[in-house]
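Chemist: Below you'll find the structure I mean.
Just so you know, all these numbers are worked out from the coordinates, no wet-lab data involved. Everything quoted here is computed from the prediction, not taken from an experiment. Positions of Cβ are generated from backbone atoms using ideal geometry, with glycine treated the same way; all protein chains shown enter the neighbour counts.
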Amino acid sequence: MSDDRKIGDVILKVDNISLRFGGVKALTDISFDVREHEIRAIIGPNGAGKSSMLNVLNGVYTPQEGTITFHGEVRKDMDTHQAAENGIARTFQNIALFTGMTVLDNIMTGRNLKIKSSFIEQAFWFGRARREEIENRKKVEEIIDFLQLQSVRKTPVARLPYGIKKRVELARALAAEPTMLLLDEPMAGMNVEEKQDMCRFVLDTNDQFGTTIVLIEHDMGVVMDISDRVVVLDYGKKIGDGTPDEVRNNPDVIKAYLGAH
Amino acid sequence: MQFFFEVLIAGLLSGVMYALVALGFVLIFKASGVFNFAQGAMVFFAALTVVGLKEEFGFPLWLAIPATMLVMIALGFLTERIVLRPLVNQHDITLFMATIGLTFFLEGFAQLMWGSTVRALDLGIQDVPIEYLMQKTGMLVSQFDVIAAGICAVLVAVLAFLFNKTKIGRALRAVADDHQAALSVGIPLQHVWGIVWAVAGIVALVAGLLWGSRNGVQFALTFVALKALPVLILGGFTSVPGAIVGGLIIGASEKLAEVYIGPYVGGGIEGWFPYVLALVFLLIRPEGLFGEKIIRRI
């Protein structure tokens with residue numbers, strides 16, 4: 001069960017979501033909810049529909065059926081721009097960074113929606129533009145400190161090792177000061193040390209900023225350790241939902257996911 | 001030696017005008033990965049609209065140019081809305097075909113609106129040698145070329161400023177790099193594409209004004225786009241500085257080749273020399289001088 005972190009009310013609720021690509025049913029009748037401040041994991045074998053689920057949550061895919069309720073507002077689908085404006089940030093399974101830019105610039109793009117000055121003000125560097133840039137830079141530096149990226153601040157992302165790139169992606173997501181963070185396999189392909197680092201950063205984010213986290217992960221050890229509740233998908237259907245202990249003892253889950261141990 | 005410099009300078013200055021056309025290609029290619037075949041048609045369309053407004057409706061030049069700028073901006077956003085948006089996620093070749101379609105539409109539409117006669121465009125800048133230079137050094141350098149180069153320099157400076165200093169610039173660079181990631185930080189992809197096409201339209205307008213006033217506004221302006229191809233191969237399809245340096249090299253080398261190699265092979269080199277140079281470059285450095293290095297990790 002969860003420790004002493006204060007888990008609040010339900011902030012995101014999906015009801016009866018179905019998503020098809022032509023004849024392929026990616027998701028069938030999925031319902032679950034996410035509570036404020038919790039770490040919610042989505043697990044399942046390859047092709048179970050985990051990434052599709054995440055893509056529905058931040059508006060990349062539009063489900064054919066079902067509704068999404070976010071902060072009390074019921075909608076048929078999200079729109080990526082809206083999702084970002086409503087405080088949903090995400091990272092990707094196959095790192096999606098702006099490889100030509102430096103670490104700093106990448107993280108600054110996360111502040112994109114916070115910039116309100118007009119482009120004329122920005123071009124001539126007066127009025128709100130200057131104040132905003134300084135504020136945003138300050139925030140970005142805080143995140144760089146938090147994720148210990150100081151030493152690579154000015155390095156173009158293309159030159160960084162895999163583990164650090166994943167961290168930069170997390171930094172960019174955090175720069176938007178999200179209320180909800182969607183992480184698509186944040187620890188995939190990492191060695192033990194990198195995994196431990198990433199776990200720590202995810203937990204710290206949840207702890208210090210109170211960010212709600214929805215994550216997809218294959219490493220069962222990690223999932224069982226850090227998440228409060230787990231949703232289990234298989235072939236696009238939900239087969240389990242509950243605390244790590246409950247899920248671990250769910251016969252359907254054992255059969256479908258953990259194998260015949 | 002003085003003659004050499006004269007040819008070199010004339011070449012460099014005409015290279016600036018090639019660079020201007022290439023710049024339009026680079027902007028769109030960078031942001032959306034679309035090779036916009038219609039860039040040449042946009043140059044023609046813009047120039048013809050200016051002349052048309054001026055002659056048919058009696059607009060003075062200072063009014064015809066901003067009016068055409070608005071037309072080009074509208075054209076950019078409409079292209080995104082009508083042509084590109086329905087084709088999102090299609091193959092590059094599909095988008096390329098769509099821009100070929102756009103080319104035919106623009107060429108036809110422009111001539112339907114304003115007729116197909118060759119028209120003169122007078123910007124009030126005379127194509128005469130600069131007297132001061134002529135008296136001092138004896139070199140003949142066209143005043144028009146120098147002013148044209150100045151206008152290009154200002155345009156490039158403004159673009160560089162826009163790209164590096166503003167939120168929209170950061171969004172443009174982000175979109176150029178990774179669509180998915182750009183979406184995830186809340187950058188509206190379609191809006192950015194609309195802006196890029198509008199900016200490319202404005203660049204086409206400037207190119208159209210300069211080329212049109214030099215060669216007359218006529219259908220042949222669309223072929224200017226072909227000269228931009230070797231420039232792009234030299235400079236790299238994704239680099240703004242590359243487009244400029246590429247343009248300078250092509251301009252200078254074709255003029256020098258014409259003068260120094262031409263006599264040995266019967267002249268007329270200017271027309272094909274840039275393509276040969278581009279071919280050589282493709283063999284040695286396929287990504288161009290400034291293009292993104294093609295790196296494959298195995």
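Chemist: Let me know the Kirkwood hydrodynamic radius for segment A:147-243, please, with Cα pairs as the basis and the value in Å to one decimal.
Modeler: Mean inverse Cα-Cα distance, inverted, gives 14.6 Å.
Chemist: Also, quick follow-up: How many nm separate the modelled label positions at residue B:93 and residue B:283, each set 7 Å beyond the Cα in the direction of the Cβ?
Modeler: 2.7
Chemist: What's the Cα-based Rg to Rh of chain A, Rh via Kirkwood?
Modeler: 0.99
Chemist: Oh, and also: Just tell me the longest site-free run in chain B, where the sites are trypsin sites (Lys or Arg not before Pro) in a DSSP loop having at most 12 other beta-carbon atoms within 10 Å.
Modeler: Here the longest run is B:1-292.
Chemist: For residue B:270 and residue A:31, what is the calculated FRET efficiency with R₀ set at 51 Å and r taken between the beta-carbons, to the nearest 0.05?
Modeler: After rounding, the FRET efficiency stands at 0.15.
Chemist: Using only the Cα atoms of segment B:1-112, construct the convex hull and provide its projected area averaged over every direction, in square nanometres to one decimal.
Modeler: 9.4
Chemist: What ranking do B:197, B:62 get, fewest neighbouring Cβ atoms within 10 angstrom at the top?
Modeler: B:62, B:197
Chemist: Just checking the output field for A:78-88: average partner chain Cβ neighbours within 10 Å of each residue's Cβ?
Modeler: The per-residue average across the peptide is 3.
Chemist: In addition: For segment A:174-188, list residues with backbone N below 19 Å from a point placed 7 Å from the Cα of residue A:148 toward its Cβ?
Modeler: So the set is A:174, A:186-188.
Chemist: Can you bin segment B:36-76 into rounded, prolate or oblate? Criterion: square roots of the alpha carbon gyration tensor eigenvalues sorted a ≥ b ≥ c, rounded for a/c under 1.5, prolate for a/b above b/c, oblate for the rest.
Modeler: prolate
Chemist: Out of all DSSP beta bridges in the protein assembly as shown, what portion is antiparallel? Express it as a percent rounded to 5.
Modeler: The antiparallel proportion sits near 60 percent.
Chemist: Between residue A:85 and residue A:235, what is the label-point separation in nm under the 7 Å Cα-to-beta-carbon projection?
Modeler: Taking the simple label geometry, residue A:235 and residue A:85 are separated by 4.1 nm.
Chemist: Could you work out how far the C-alpha centroid of segment B:118-148 sits from that of segment B:32-62, in angstrom?
Modeler: Value for the Cα centre distance between the two parts: 24 Å.
Chemist: For residue B:78 and residue A:13, FRET efficiency with R0 = 60 Å and r from the beta-carbon atoms, rounded to 0.05?
Modeler: 0.90
Chemist: Cα centroid distance between segment A:125-177 and segment B:155-171, in Å?
Modeler: When both Cα centres are located, 20 Å separates them.
Chemist: When the convex hull of the Cα atoms of segment A:24-176 is projected onto a plane and the area is averaged over all directions, what value comes out in nm²?
Modeler: Across all orientations, segment A:24-176 yields a mean hull projection of 11.4 nm².
Chemist: Over all residues in A:129-136, what is the mean tally of Cβ atoms on other chains that come within 10 Å of each residue's Cβ?
Modeler: That average works out to 1.
Chemist: Separate question: What fraction of the Cα pairs in the protein assembly as shown, stated in percent, has a spacing above 33 angstrom?
Modeler: Taking all Cα-Cα pairs of the protein assembly as shown, the fraction more than 33 Å apart is 52 percent.
Chemist: In 5 Å bins starting at zero, report the fraction of Cα pairs in segment A:1-82 per bin as a rounded %.
Modeler: The percentages, shortest bin first, are 3, 14, 24, 24, 18, 10, 5, 1, 0, 0.
Chemist: Assuming a viscosity of 1.567 mPa s and a temperature of 4 °C, what translational diffusion coefficient in µm² per second does Stokes-Einstein assign to segment B:129-210, Rh being the Kirkwood radius over Cα pairs?
Modeler: Estimated diffusion coefficient is 85 µm²/s.
Chemist: For q values of 0.07, 0.10, 0.13, 0.19 Å⁻¹, compute log₁₀ I(q)/I(0) with the Debye formula on a Cα-only model of segment B:2-222, without solvent.
Modeler: Here the Debye-derived log intensity ratios amount to -0.25, -0.49, -0.79, -1.36.
Chemist: Which is farthest toward the positive dipole end of chain A among A:14, A:250, A:183, measuring Cα position about the Cα centre, with Cβ charges +1 (Lys, Arg) and -1 (Asp, Glu)?
Modeler: Towards the positive end, the residue furthest out is A:183.
Chemist: Also, I was wondering about something else. One-quarter of the Cα convex hull surface for segment A:101-177, in nm²?
Modeler: Average projection, Cα convex hull of segment A:101-177: 4.9 nm².
Chemist: Here's another thing I want to ask about it. With θ set to phi - 60°, apply the Karplus curve 6.51 cos²θ - 1.76 cosθ + 1.60 along segment A:83-95 and write out the HN-Hα couplings as whole Hz, x wherever there is a Gly or Pro.
Modeler: 4, 5, 5, 8, x, 9, 10, 8, 10, 10, 5, 9, 2
Chemist: Also: What number, in percent, do you get for the relative contact order of segment B:87-208 if the mean sequence gap of Cα pairs under 8 Å and at least 6 apart is divided by its residue count?
Modeler: Here the relative contact order equals 10 percent.
Chemist: Could you pull out every residue, at least 5 positions away or on a different chain, whose amide H is within less than 5 Å of the one on residue A:234? Hs are placed 1.01 Å off N in the peptide plane, and Pro or chain starts have none.
Modeler: Under 5 Å from the amide H of residue A:234 lie the amide H atoms of A:239, each far enough along the sequence or on another chain.
Chemist: Given labels modelled 7 Å from the Cα in the Cβ direction, how far is it in nm from residue A:141 to residue A:71?
Modeler: Result: 2.9 nm between the two label points.
Chemist: Kirkwood Rh over Cα pairs of segment B:124-270 into Stokes-Einstein at 4 °C, 1.567 mPa s: D in µm²/s?
Modeler: The Stokes-Einstein estimate is 72 µm²/s.
Chemist: Using θ = phi - 60° and the Karplus relation 6.51 cos²θ - 1.76 cosθ + 1.60, list the HN-Hα couplings for segment B:169-182 in order, rounded to whole Hz, with x at every Gly or Pro.
Modeler: x, 5, 5, 4, 5, 5, 4, 4, 7, 7, 4, 4, 5, 4
Chemist: Only helical DSSP H runs with n ≥ 4 go in: add -39500 (n - 2.57) per run for chain A, normalise by residue count and round the 222 nm mean residue ellipticity to 500 deg cm²/dmol.
Modeler: So the helix-based figure for chain A works out to -10000 deg cm²/dmol.
Chemist: Can I ask one more? Residues of B:175-181, mean number of Cβ from any other protein chain within 10 Å of their own Cβ, rounded to a whole number?
Modeler: 6
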